[in-house]
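The values are calculated or read from the model by the stated rules, or taken from the named source; none is laboratory data. Everything numeric in this text was worked out from a predicted model, so none of it was measured. Cβ coordinates were reconstructed from backbone atoms using ideal geometry, including for glycine residues, and neighbour counts include every protein chain displayed. For the accessible areas, the whole protein counts, side chains as well, though only heavy atoms, and no ligand, DNA or RNA atoms are used. Shrake-Rupley method; radii C 1.70, N 1.55, O 1.52, S 1.80 Å.
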Amino acid sequence: EEEEEDKGDIEVTKSKLFSGDVLLALAPEGFAEKWQNKEDFLMVSTISTVPKPIVYYDYVPVAIFAAMIAWVAADPDVNMVQAAMAAAALNVFGGWVDAKLAVSYVPWDLMLLIGSMLGVSRAITNSGLAEFIADGVKNAGFGPQTALFFVYAVTNIMTELTTNNAAAGLIFPIAVGVAEKLEVSYQPYVFGVMCAASASFMTPIGYQTNMM
């Protein structure tokens, strides 16, 4: 009954419509999301939206963001995550962000993968695997530069198999362990992990257009 009522709300001209005709309609917000999976239309796409008049209330989120940055910069005891969550809550309660849409924006499958990899990273450290690999790199006679290339290469391969965040979480304890065994600064190795984890664009299989 509700579906029939929704269909009645659609008004078109009295001209006869044929298969393949394209309709340009001025529709309310959410029309495309509501009808794109229905059988009434083969394809529904949004061309543009009618801009709403800007009022001073629309600039409040900018003020909230600026206040969050100033708060974190002024007080070193403030946790950045807590400040960001507080700013997000203000935006939701103020009506600038739809709570239902905000939840849909979170890639939960990716968050689960990253969380799992961070747990594996902690297991690598606690089990002694990171130290074992670091000893193997040292005993193989790798110098600091060769070891850095080894860490970079392993991270680059790992990011192709998982994600950049997961690869960085897995290789980070190994990189730190290698630096400690070689008695050098860990910073170049950490920077190498950071760069390699986000360098999948260098390979032909990193993205769809790379092979092209």
statement: Scanning the range 1-56 for residues that are aromatic (Phe, Trp, Tyr), within 29 Å of Trp96 (Cα to Cα) and either in contact with a Cys (Cβ under 9 Å, 6 or more places away or on another chain) or at pLDDT below 75 (or both) gives Trp35
query: Among Val120, Val154, which is open to solvent by less than 60 Å² (accessible area, probe 1.4 Å) and hydrophobic (A, V, I, L, M, F, W, C)?
result: Val154
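For every residue, the table says whether it meets (1) within 30 Å of Phe65 (Cβ to Cβ); (2) not in a helix (DSSP H, G or I).
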residue: Val103; (1), (2): yes, no
residue: Leu118; (1), (2): yes, no
residue: Phe142; (1), (2): no, yes
residue: Phe149; (1), (2): no, no
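Here is a yes/no grid of residues against (1) out of contact with any Leu (no Cβ under 9 Å at 6 or more places or on another chain); (2) aliphatic (A, V, I, L, M); (3) closer than 18 Å to Ser121 by Cβ:
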position: Lys138; (1), (2), (3): no, no, no
position: Val151; (1), (2), (3): yes, yes, yes
position: Ile157; (1), (2), (3): yes, yes, yes
position: Thr163; (1), (2), (3): no, no, yes
position: Val176; (1), (2), (3): yes, yes, yes
position: Glu183; (1), (2), (3): yes, no, no
- request: Might you check whether a residue that is surrounded by 15 or more Cβ atoms within 10 Å (Cβ to Cβ), free of Cβ contacts under 8 Å to residues at least 24 places away in the same chain and not in a loop (DSSP other than H, G, I, E, B) occurs anywhere in the range 185-194?
  value: yes
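Quick grid of which residues meet (1) touching a Lys or Arg at 6+ places or on another chain (Cβ under 6 Å); (2) open to solvent by 60 Å² or more (accessible area, probe 1.4 Å); (3) over 28 Å from Asn165 (Cβ atoms):
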position	(1), (2), (3)
Val60	no, no, yes
Ile64	no, no, no
Ala73	no, yes, no
Ala87	no, no, no
Gly94	no, no, yes
Asp98	no, yes, no
Leu101	no, yes, no
message: For Leu182, only one of the following conditions fails: (1) modelled with pLDDT of 85 or more; (2) out of contact with any Pro (no Cβ under 9 Å at 6 or more places or on another chain). What is its number?
response: (2)
query: Across the range 168-184, which residue is most open to solvent (accessible area, probe 1.4 Å) among those that are among the charged types (D, E, K, R) and at negative phi?
result: Glu180
query: For the subset of the range 75-85 comprising residues that are open to solvent by less than 100 Å² (accessible area, probe 1.4 Å) and either assigned to a loop (DSSP other than H, G, I, E, B) or touching a residue at least 60 places away in the same chain (Cβ under 8 Å) (or both), which member is nearest to Asn165 (Cα to Cα)?
result: Asn79
